[in-house]
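*Asks:* Sharing a structure, written as structure tokens. Questions coming.
The values are calculated or read from the model by the stated rules, or taken from the named source; none is laboratory data. Keep in mind the model is a prediction, meaning the values are calculated, not measured. As a convention, Cβ positions derive from the backbone with ideal geometry for all residues, glycine included, and neighbour counts pool all protein chains shown.
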Amino acid sequence: MNSLKIIWSILLKDLRVEWRNRETLASMCVFGLLIVFLFNFAFESAREETLRLLPAVLWVAIAFAGVLGFNRSFSSERENDCLEGMTLAPVDPSMIFVGKMLANLLFLGIAEVVMAFFAALWFNFSFLPALGQLLLIAFFGTLGYAALGTIFGAIAANTRMREVMLTVLQFPIAFWILIFSIDATSNAMRGNPEGNWLAGVGRVGGISVVFTVASFLLFEYVLEE
Amino acid sequence: MLWRSNFRRISVVNKYLFLAYSFVWLIFMLYIWNLSRRQTRLQNELDEVKSKVSESASTTTSGPSGS
Amino acid sequence: MNKKFPIWLHFVLTLAGLVITLYMIFLYAPEEMTMGEVQRIFYVHVPAAWVSLLGFIIIFIASIVYLMKRSQHADELAHATAEVGFIFCTCVLVTGPLWAKPAWGIWWTWSPRLTLTFLLWLLYVAYLMLRSYLVNPGRAANLCAVVGVIGFADVIIDYMAIRWWRTQHPQPVIMGGANSGLDPRMLATLLVGVGAFTILFFLLVRVRLSLAEMRRELSEIRHALAFKLSED
């Protein structure tokens, strides 16, 4: 029960801080939208081709918006010496991880909804037919991505070039989460021509769970002195 | 000159062979040189600190030992 | 290990291994039918790829050992291996295109070996960048060990994912099918190359470790000196 309280308090703290000026959320949405807008505008004429690229465009936008969000999530901690506070607090560091990860997941999720809405609008494509499947893919993909972003954000907060360090760590390792998500999303959007949609979702889920569990288990070493 | 005409006769694919092996050599030489430089620097620092230690050991009782 | 296997002997073995390998590459292995002489790059490309993978395996094991036992030796081994492994990995990525272009007309392909090596290279870069940009030396070993573990998990996932991806999006097998239909003399040369490169790898790691040892000695003496000065 105590663990849940810790998770909840961290999550609530991040939500409350964000609610005050909503900077992180706003910049994530704007950044993600910019990428979607860019692709849509540049390749407007070749609609068929553009639709094929839509899953990749969306996930690239999510990837970059995510990294932006993860950076801000830890930079505010560092500015107020909260990282030291967390290190010294007599709580299980893994619970801190879960709290921060859920906050990151939530913010990125909100940004994703915004991006998807405008993508559907601009690309004239409805996500509704495959909505359940897409939600599953989005959830698992974002989960793994946020887990990696949380632990790497904490690691990068200890370095001189924080934003760059997070990106350099995040992309090679989260690469397959993104690739499988793109693949599964593309399959879902085309109405599952290969039939086996569960396998696609399973792949994304499998990789994400592996990375989430690994990050969860290793986070205590990141906060240790 | 004899060597120049021979070189022209060698097919262009061997140019890539030469480049590949040269690169491998070069990168290892560079790394070894880098290691050697770091070792020299570390050795100098070690010598400097060791001399400071022997300095402070010789001036045991009074005064700062000029660090 | 160091006392039982003196470094001069290691160096002699490395030299012998490399010379024998060179002999076999150029004077023993037969010329390839379609590609000609340029195929001999393969005898450097593949052993280097194997050694870079071995390097990351060592980083993984050393990272786990560090997280479990807090052994500074493990941490130093991981760092040394990362540097040397990075050098070999770069060799693979440079010799690859230099072989591919004259042999098949393209500079690059996302074949399984090259894709894996590229991702491995990115992981090496990430690890080394983390090492050099850390401002808190107390945490350095911890953080790098965490990255070493997650990185290796990623390598395993890379391997499986690339294989699966290639069943979905098959490519004409160009560089990947190296072991299919290999002349026994070529195979022998390849194996000798792998052996020689591995010995070279360990020699370089050893030399790099001596640097780490010096740094450790330096920091210990500095601490002792500072302590002593503070007492006066």
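*Asks:* Which pairs do you get when a residue that is over 14 Å from C:L225 (Cα atoms), found in the range B:39-54, comes within reach of a residue that is surrounded by 11 or more Cβ atoms within 10 Å (Cβ to Cβ) and not hydroxyl-bearing (S, T, Y), reach meaning Cβ atoms under 8 angstrom, with the pair 6+ apart or on two chains?
*Replies:* Listed by first residue and then by second, the contacts come to B:Q39/C:L211; B:Q39/C:M214; B:L42/C:L211; B:L42/C:M214; B:L42/C:R215; B:L42/C:L218; B:Q43/C:M214.
*Asks:* Within the range C:179-193, work out how many residues are more than 19 Å from C:F11 (Cβ to Cβ), in contact (Cβ under 8 Å) with a residue 60 or more places away in the chain and within 19 Å of the chain's Cα centre (by Cα). Step through it out loud before you land on a result.
*Replies:* Start the filter on the range C:179-193 by keeping residues that are more than 19 Å from C:F11 (Cβ to Cβ), which leaves C:179-191.
With in contact (Cβ under 8 Å) with a residue 60 or more places away in the chain added as a condition, the list becomes C:183, C:185-186, C:188-190.
Filter once more, so that each one left must be within 19 Å of the chain's Cα centre (by Cα): C:190.
Residues in the range C:179-193 being more than 19 Å from C:F11 (Cβ to Cβ), in contact (Cβ under 8 Å) with a residue 60 or more places away in the chain and within 19 Å of the chain's Cα centre (by Cα): 1 in total.
*Asks:* From the list C:A145, C:A82, which one is under 20 Å from the mean Cα position of the chain (by Cα), touching a residue at least 24 places away in the same chain (Cβ under 8 Å) and at the interface with chain A (Cβ under 9 Å from one of its Cβ atoms)? Break it down into steps so the answer makes sense when it comes.
*Replies:* Numbers: C:A82 fails: at the interface with chain A (Cβ under 9 Å from one of its Cβ atoms).
Being under 20 Å from the mean Cα position of the chain (by Cα), touching a residue at least 24 places away in the same chain (Cβ under 8 Å) and at the interface with chain A (Cβ under 9 Å from one of its Cβ atoms) holds for just one of C:A145, C:A82, which is C:A145.
*Asks:* Just name the residue that is nearest to A:S94 (Cα to Cα) out of those in the range A:188-201 that are surrounded by fewer than 22 Cβ atoms within 10 Å (Cβ to Cβ), of a type outside the set (D, E, K, R) and within 12 Å of chain C (Cβ to nearest Cβ).
*Replies:* Of everything passing the filter in the range A:188-201, A:A199 is nearest to A:S94 (Cα to Cα).
*Asks:* Can you tell me which residues in the range A:171-187 are surrounded by fewer than 24 Cβ atoms within 10 Å (Cβ to Cβ) and more than 9 Å from chain C (Cβ to nearest Cβ)?
*Replies:* Passing the criteria: A:L178, A:I182, A:S186, A:N187.
*Asks:* Spot the failing condition for A:E49; the list is (1) more than 17 Å from A:C82 (Cα to Cα); (2) of a type outside the set (A, V, I, L, M); (3) in contact (Cβ under 8 Å) with a residue 24 or more places away in the chain, and only one is missed.
*Replies:* So A:E49 meets the others, but not (3).
*Asks:* From the list C:R113, C:R131, which residue is within 11 Å of chain A (Cβ to nearest Cβ), part of a helix (DSSP H, G or I) and either of a type in the set (D, E, K, R) or touching a strand residue (DSSP E or B) at 6+ places or on another chain (Cβ under 8 Å) (or both)?
*Replies:* Criteria check complete, one pass: C:R131.
Listed here are the residues, each with its yes/no results for (1) at pLDDT 95 or above; (2) part of a helix (DSSP H, G or I).
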{"residue": "C:I174", "(1), (2)": "no, no"}
{"residue": "C:M186", "(1), (2)": "no, yes"}
{"residue": "C:L191", "(1), (2)": "no, yes"}
{"residue": "C:T198", "(1), (2)": "yes, yes"}
{"residue": "C:E213", "(1), (2)": "no, yes"}
{"residue": "C:R216", "(1), (2)": "no, yes"}
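*Asks:* Here's another thing I want to ask about it. Of the residues C:T14, C:T21, C:T34, which is modelled with pLDDT under 90 and within 13 Å of another protein chain (Cβ to nearest Cβ)?
*Replies:* Exactly one of C:T14, C:T21, C:T34 is modelled with pLDDT under 90 and within 13 Å of another protein chain (Cβ to nearest Cβ), namely C:T34.
*Asks:* Could you grab the pairs with beta carbons closer than 6 Å, sequence gap of 6+ or different chains, first residue in the range C:159-173 and over 22 Å from A:P193 (Cα atoms), second one loosely packed, with under 12 Cβ neighbours inside 10 Å and modelled with pLDDT of 85 or more?
*Replies:* Short answer, once both residue conditions are applied: none.
*Asks:* Could you tell me which of the residues A:F127, A:F140, A:F123 is aromatic (F, W, Y), in contact (Cβ under 8 Å) with a residue 60 or more places away in the chain, crowded, with 24+ Cβ neighbours inside 10 Å and out of contact with any His (no Cβ under 7 Å at 6 or more places or on another chain)?
*Replies:* Going through A:F127, A:F140, A:F123 in turn, just one is aromatic (F, W, Y), in contact (Cβ under 8 Å) with a residue 60 or more places away in the chain, crowded, with 24+ Cβ neighbours inside 10 Å and out of contact with any His (no Cβ under 7 Å at 6 or more places or on another chain): A:F140.
*Asks:* Right, another one. For the range C:41-54, indicate whether the set of residues that are within 13 Å of chain B (Cβ to nearest Cβ), over 14 Å from C:V94 (Cα atoms), in a helix (DSSP H, G or I) and more than 18 Å from the chain's Cα centre (by Cα) is non-empty.
*Replies:* Checking the range C:41-54: not a single residue is within 13 Å of chain B (Cβ to nearest Cβ), over 14 Å from C:V94 (Cα atoms), in a helix (DSSP H, G or I) and more than 18 Å from the chain's Cα centre (by Cα).
*Asks:* Only residues in the range A:196-208 that are under 12 Å from A:T185 (Cα atoms) count as the first member; pair them with residues that are hydroxyl-bearing (S, T, Y) and surrounded by 21 or more Cβ atoms within 10 Å (Cβ to Cβ), Cβ under 6 angstrom, at least 6 apart or cross-chain, and list the lot.
*Replies:* Matching pairs, first to second residue: A:V204/A:S181.
*Asks:* Continuing with the same structure: Quick check on my filter: what residues within the range A:150-170 are more than 11 Å from chain C (Cβ to nearest Cβ) and modelled with pLDDT of 90 or more?
*Replies:* So in the range A:150-170, the residues more than 11 Å from chain C (Cβ to nearest Cβ) come out as A:150, A:153, A:163.
Listed by number, the residues that qualify are A:T150, A:G153.
*Asks:* Suppose we filter A:L58, A:L121, A:L51 for residues that are in a helix (DSSP H, G or I), in contact with a Ser or Thr (Cβ under 9 Å, 6 or more places away or on another chain) and at pLDDT 80 or above; which single one remains? Give the derivation first.
*Replies:* Working: A:L121 fails: in contact with a Ser or Thr (Cβ under 9 Å, 6 or more places away or on another chain); A:L51 fails: in contact with a Ser or Thr (Cβ under 9 Å, 6 or more places away or on another chain).
Testing whether each residue is in a helix (DSSP H, G or I), in contact with a Ser or Thr (Cβ under 9 Å, 6 or more places away or on another chain) and at pLDDT 80 or above leaves just A:L58.
*Asks:* Name the pairs whose Cβ atoms lie under 6 Å apart, with the first residue in the range C:68-79 and without any contact (Cβ under 8 Å) to a residue 60 or more places away in the chain, the second surrounded by fewer than 14 Cβ atoms within 10 Å (Cβ to Cβ), and 6 or more positions between them or separate chains?
*Replies:* Listed by first residue and then by second, the contacts come to nothing, as the list is empty.
*Asks:* To continue, here is another question. Search the range C:206-232 for residues that are at the interface with chain B (Cβ under 10 Å from one of its Cβ atoms) and closer than 27 Å to B:L35 by Cβ and pair each with any residue that is of a type in the set (K, R) and in a helix (DSSP H, G or I) when their beta-carbon atoms are under 8 Å apart and the residues are at least 6 apart or on different chains.
*Replies:* Within 8 Å, the pairs are C:L211/B:R38; C:I221/B:K50; C:L225/B:K52.
*Asks:* When you check C:V155 against the structure, is it of a type in the set (A, V, I, L, M), under 30 Å from A:N196 (Cα atoms) and at pLDDT 90 or above, yes or no?
*Replies:* Judged against the criteria, C:V155 is a match.
*Asks:* Then there is this: Condition first: under 16 Å from C:D183 (Cα atoms), of a type in the set (V, I, T) and touching a Ser or Thr at 6+ places or on another chain (Cβ under 9 Å). Now tell me which residues in the range C:1-40 satisfy that.
*Replies:* If the condition is that a residue be under 16 Å from C:D183 (Cα atoms), of a type in the set (V, I, T) and touching a Ser or Thr at 6+ places or on another chain (Cβ under 9 Å), then C:I25 is the only one that fits.
*Asks:* Run down A:V67, A:V17, A:V60 and say which single residue is among the aliphatic types (A, V, I, L, M) and over 18 Å from A:L148 (Cα atoms).
*Replies:* A:V17
*Asks:* Moving to a separate point now. Got a number for residues in the range A:24-50 being over 11 Å from the mean Cα position of the chain (by Cα) and within 26 Å of A:L143 (Cβ to Cβ)?
*Replies:* 13
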